[in-house]
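J.: Can you keep this structure in mind? I'll have questions shortly.
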Amino acid sequence: MYLPAGDIHLGVKLAQLLVVDSLALGATDVRVLREQDWFAVSADRDWLALGHGGSNVGNLFSSVTPMPEAGVNSIRHEVVVAAFSHDVVTAGHGDPVVLSAGNDPDALAIGMRLCRESHPRRVIAFRCDGQR
């Protein structure tokens, strides 16, 4: 896994990783929304439940999980998003679930709203600053 240095916002790099993962796991309609330092990646399929490790969605954000669907030595990138983000919210077939939260409830409200306004199958919204 490589996050190259440069002028691209860290959130763009993290969103790119989630887009590739969701497509590799069978999604066909993937969208990215950005509002301030929040990014929401949503898809027409619940890619978190698919592939290796999909039976324990919570673990995907807290431990490195292999992703053989993407090739030898590949990993799922939810854990990378969690590591580099201030806040992470996800929603599948129900209400958004806060996986990690910083100290700004107003900022968290943006992520919750992005989850509610995105694809109904799966969305991951995360907030990070542009540095790293």
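J.: Can you find, within the stretch 2-36, the residue that is modelled with the lowest pLDDT among those that are over 14 Å from the mean Cα position of the chain (by Cα) and charged (D, E, K, R)?
T.: Asp7
J.: Suppose we keep only residues that are in a strand (DSSP E or B) and in contact with a Leu (Cβ under 7 Å, 6 or more places away or on another chain) within the stretch 40-50. Which one would you say is farthest from Ser74 (Cα to Cα)?
T.: Quick first cut of the stretch 40-50, residues in a strand (DSSP E or B) only: 40-43.
Restricting the remaining residues to those that are in contact with a Leu (Cβ under 7 Å, 6 or more places away or on another chain) gives 40-41.
Working: Ala40: 23, Val41: 20 Å.
Residue satisfying both the conditions and the ranking: Ala40.
J.: How about the stretch 66-83: which of its residues are within 10 Å of Leu17 (Cβ to Cβ) and out of contact with any Gly (no Cβ under 8 Å at 6 or more places or on another chain)? Before you say what the answer is, go through the steps one by one.
T.: Looking only at the stretch 66-83, we keep the residues that are within 10 Å of Leu17 (Cβ to Cβ), and these are 75-78, 80-81.
Residues satisfying the conditions are Ile75, His77, Glu78, Val80, Val81.
J.: Let me ask something additional. What's the total number of residues in the stretch 14-46 that are in contact with a Gly (Cβ under 7 Å, 6 or more places away or on another chain) and in contact (Cβ under 8 Å) with a residue 60 or more places away in the chain?
T.: 5
J.: Take the residues of the stretch 10-48 that are under 18 Å from Ala70 (Cβ atoms) and touching a Ser or Thr at 6+ places or on another chain (Cβ under 8 Å): which is surrounded by the most Cβ atoms within 10 Å (Cβ to Cβ)?
T.: Among those residues, the one meeting the criterion is Val41.
J.: Where in the stretch 51-132 are there helices (runs of 4 or more DSSP H), lying wholly inside it, with at least 2 residues that are modelled with pLDDT of 85 or more and either among the basic types (Lys, Arg) or open to solvent by less than 60 Å² (accessible area, probe 1.4 Å) (or both)?
T.: Working: elements: 57-60, 78-84, 105-117.
Qualifying helices (runs of 4 or more DSSP H): 78-84.
The values are calculated or read from the model by the stated rules, or taken from the named source; none is laboratory data. On a predicted model such as this, the values are computed, not experimentally measured, just so you know. FYI the Cβ positions are ideal-geometry reconstructions off the backbone, even for glycines, and counts take in every protein chain you see. SASA here: full protein model, heavy atoms, side chains in, ligands and nucleic acids out. Shrake-Rupley method; radii C 1.70, N 1.55, O 1.52, S 1.80 Å.
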